[in-house]
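Notes follow once the structure below has been shown.
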Amino acid sequence: MNIPRTVAALLTLWPDLPAKTGPDWPRLYWRLIDLLRRFAQATGDKERSRISLMLLFELRTLPDGIEVLRRVRKAELRITRSGHLYLGSAGDASPDDARPDDTTLREQMMHLLNPPVVRRATEVYAPTRTEINKRFPIIVGLTRVASDGETDQTVIQARLNQLIRVVLTPGDGLELLTEPTKTLQVTEGDSEPVVFYLRAVRIGHQSVVIDFHAGSDLLTSITHRLVAAEDGSDATPHKLPARGLSIGAFRAPFPDLVLRVCTEGNRLTYTLHYHTTEERILKGPVLRADPQQYRYQIIREIENLARGQDSDGRPLFNPTAQEVQRHLAKIGQRLYRDLFGVELAREYCERIRGRVRTLEIVSDEPWIPWELIKPYDDGVDDDFLCVQYTLSRWVSGGDAPAAEIIANTLACITPTDSGLAEAQIERDFVRGLAAQRGIADHSPAEARRSLVEQLLEGNTPLKLWHFACHGNFDQQVPDNSPLILQDQYFLRPNDLVGRAQTRLRTDRPLVFLNACRVGQGGLALTGLGGWAATLVGHCRVGALIAPLWSVHDGAARHFAEAFYTACQQSGMTLGEAIRHARIATRNAFPDDTTWLAYSLYAHPNARLVIRGE
């Protein structure tokens, strides 16, 4: 295969493009990846020439693109022994470096598209008991194979020889005696371990969180618990159960900022990972209750709004949609006050506001509605975070979110007896899109529980699940609140175990839970926290979209249609598609809060590709 100069120029530019293109990089990344894939799969010279011309149009828009192409045409391209492409004239090129031929350039292209994968396992040693005020170690490494047979398979994305940063966050009862961040290198053999030293400053049960990062992506997380006592007998570090790591280079572009949130001991601790991989660890406030109780307080307030009441249970003076939104804004401002604290509020004003575009919040709890935070302080009166930023969230402790979801199979679940007329139109839109794009449609004729369970537990891979139905918040078991299927049968988070859990873990689909209500009534909670904890934390889906409260079916349909339509644009990311759907729904339904209700659990720069095989 002859490699055209346009491909050679693009491969040369590639390492510098994230910094040079800035906020345009995520969508540009996916456009270029698509073109390179098409070129690699092309079967004839005519088709490859057409794709090369399309790459030329892209090169003309890239910083230094035309200049690099000019120098490639002058045969100034060189490659080092380590495989690094660079431009060097006859006078300044190293005599040890060669001009890359077509075979070498093809290998470079295929390495970019299909990076080699290696398997590793975490190897962590930590004591289960320690003596108060006595130093103890936590030893962290990576091994080729988990030797204890207790591997919990976790897929992360890095590359051979890449540096993996380990960040250790102690609970309030522990003091860290070393730097909080150390580096492991993924090598052909076992990685050289790193050692953290801590000491307990308070008697009782303590905890420490160990995060593994590649760039700014959180790959996996381990929470270790131990007891500090006057007598620290048996303080020898023990090996913790291993996490299996599948390490490769393909990933979505890094967000501008990953905000890692730990809530151990009700104390909020923030680790900020900027796209430059710079890290900052900030102490947040202590929650007045644990995260679930904090969530219940917010639920009660929103339930009051559903009944036309304020936070004290008194009737709203003017219970219009605008008044409800005004109260939601007050909730957002209070969330900012309660959750950010002094240090993060200062960081927001000085380094985040006006500088960050894509934001991923990775938290060890699925309950707190981070999207609703509305910064308000001296000189600050900003919009909700989900409007300001290309925002997504994720639950730590399992797989990283999927970089790309190829939706070539669909199951659309819409009860015909729900009374949701707009949901039926939504179903027709989603299934019509599937037919138009050549997607295999496995949607049942009726959303009967038995048929849904057959799909969940079957052998057919399903990459896109779309539910348009009622969601019912269960006050008795809020973490297990159901979706209502045909004939009023329930599907609960706790039903997703066994074969259903395995099927979802294997497929890693996008799941869209569009829980709707009829008419113009108030807000009603959907129990999203329980679904997010199960689908993201246990079933490890690739992405999840769901509303925090039940939404008006007309606006919900508009949101879903706007989202799927946006996903068909070239290079569109999930975060941008959700933001586009929010704005489109707010413009179409200005008196409705539906646009504000949705949470996206995903990598913000990941994408959904809607097409058949």
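A few notes on this one:
- Taking every DSSP bridge with both residues inside the range 352-476, close to 15 percent are antiparallel.
- Counting only protein heavy atoms and a 1.4 Å probe, the chain has 41 square angstrom of accessible area per residue.
- The chain shape via C-alpha gyration tensor axes, a/c threshold 1.5: oblate
- Cα centroid separation - the range 1-75 against the range 154-223, whole Å: 37
- Listed residue (W30, F429, P444) projecting farthest to the positive dipole end of the chain, Cβ model: W30
- A Cβ-based charge dipole, computed about the Cα centre of the range 94-136 with Lys and Arg at +1 and Asp and Glu at -1, lands at about 580 debye.
- Cβ crowding within 10 Å averaged over residues, with 594-607, 109-122, 414-427 ranked highest first: 594-607, 414-427, 109-122
- Protection proxy ranking of 580-592, 175-187, by the mean of other Cβ atoms within 10 Å over each peptide's residues and highest first, is 580-592, 175-187.
- In this view, the solvent-accessible surface of V194, computed with a 1.4 Å probe and all protein chains in place, comes to about 20 Å².
- Taking the average, over residues, of other Cβ atoms within 10 Å as the packing measure, peptides 53-63, 39-49, 368-378 rank 368-378, 53-63, 39-49 from highest down.
- Out-of-range pairs (alpha-carbon distance over 26 Å; input K239/K283; K182/K283; K20/K374; K20/K74): K239/K283; K20/K374
- Of all DSSP beta bridges in the chain, antiparallel share, percent nearest 5: 65
- Once you reduce the range 547-569 and the range 397-439 to the center of their Cα atoms, the two points are 11 Å from each other.
- Normalising the average separation of contacting C-alpha pairs (under 8 angstrom, six or more residues apart) by the number of residues puts the relative contact order of the chain at 11 percent.
- Surface share of carbon and sulfur [accessible, 1.4 angstrom probe, percent] for the range 391-449: 49
The values are calculated or read from the model by the stated rules, or taken from the named source; none is laboratory data. For clarity, every value in this text was computed on a predicted model and none was experimentally measured. Every residue, glycine among them, receives a Cβ derived from its backbone with ideal geometry; neighbour counts consider all protein chains shown. Calculation scope for accessible area: heavy atoms of the full protein, side chains included, ligands and nucleic acids excluded. Shrake-Rupley method; radii C 1.70, N 1.55, O 1.52, S 1.80 Å.
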